[in-house]
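First up is the structure itself, then whatever we jot down about it.
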Amino acid sequence: MTQKKTRELHALMKGVMEEHVACNKHLGLKVESFDPVAPRLRLVMRPELVGNPTRQILHGGVISATLDVAGGFAIMLSLAGEIEATPTSFPNMGTIDLRVDYLRPGRGKYFIATARIVRKGSRIAVVHMELHNDAGELIATGGGAYVVG
């Protein structure tokens, strides 16, 4: 794929991830990296994302949703890399299984979610995800299975 096509694809995917998907926009998820091996999303801490007002930590549902989106983003990026032309749409994807392990309280100024595809078949993809805070501490891990197509 040419550099121009790659830039077009990344601009399209960034728009889809940050603006088109209402939940992602509400959470404030931003694409930090299009690394095909481990793409990254960034989430800035805001008062609306706090789950425990006394401890001022990130809500577990926000953590889960962020990991889920990171997994889907990794698959979307992988699929887009397999075609020559800039896509006009992306395949339907859906989460069929999601497991989250909450390892530490969600403290930080911002969080980085990464995802790595473990296996991608013709209809099912399995992804491992991680969420780190701005200090590099591992906050949560996740594993997801997604139907594609």
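Among residues of segment 122-149 that are closer than 18 Å to residue 77 by Cα and modelled with pLDDT under 95, none has a beta-carbon under 7 Å from a residue that is part of a loop (DSSP other than H, G, I, E, B) and open to solvent by less than 30 Å² (accessible area, probe 1.4 Å) at least six positions away or on a different chain.
Within segment 84-96, identify whether any single residue is among the β-branched types (Val, Ile, Thr), in a loop (DSSP other than H, G, I, E, B) and open to solvent by 70 Å² or more (accessible area, probe 1.4 Å), and answer yes or no. Scanning segment 84-96, I find at least one residue that is among the β-branched types (Val, Ile, Thr), in a loop (DSSP other than H, G, I, E, B) and open to solvent by 70 Å² or more (accessible area, probe 1.4 Å), so the answer is yes.
The set of residues in segment 28-64 being surrounded by fewer than 20 Cβ atoms within 10 Å (Cβ to Cβ), assigned to a helix (DSSP H, G or I) and in contact (Cβ under 8 Å) with a residue 40 or more places away in the chain consists of 60, 64. Only one of the listed residues (69, 127) is assigned to a strand (DSSP E or B) and either farther than 26 Å from residue 8 by Cα or among the β-branched types (Val, Ile, Thr) (or both). That residue is 127.
The values are calculated or read from the model by the stated rules, or taken from the named source; none is laboratory data. Quick caveat, the model's predicted, so the values are computed rather than measured. When we count neighbours, we look across all protein chains shown, and the Cβ atoms used for this are built from the backbone with ideal geometry, even at glycine. The accessibility values were calculated without ligands, DNA or RNA, using every heavy atom of the protein model including side chains. Shrake-Rupley method; radii C 1.70, N 1.55, O 1.52, S 1.80 Å.
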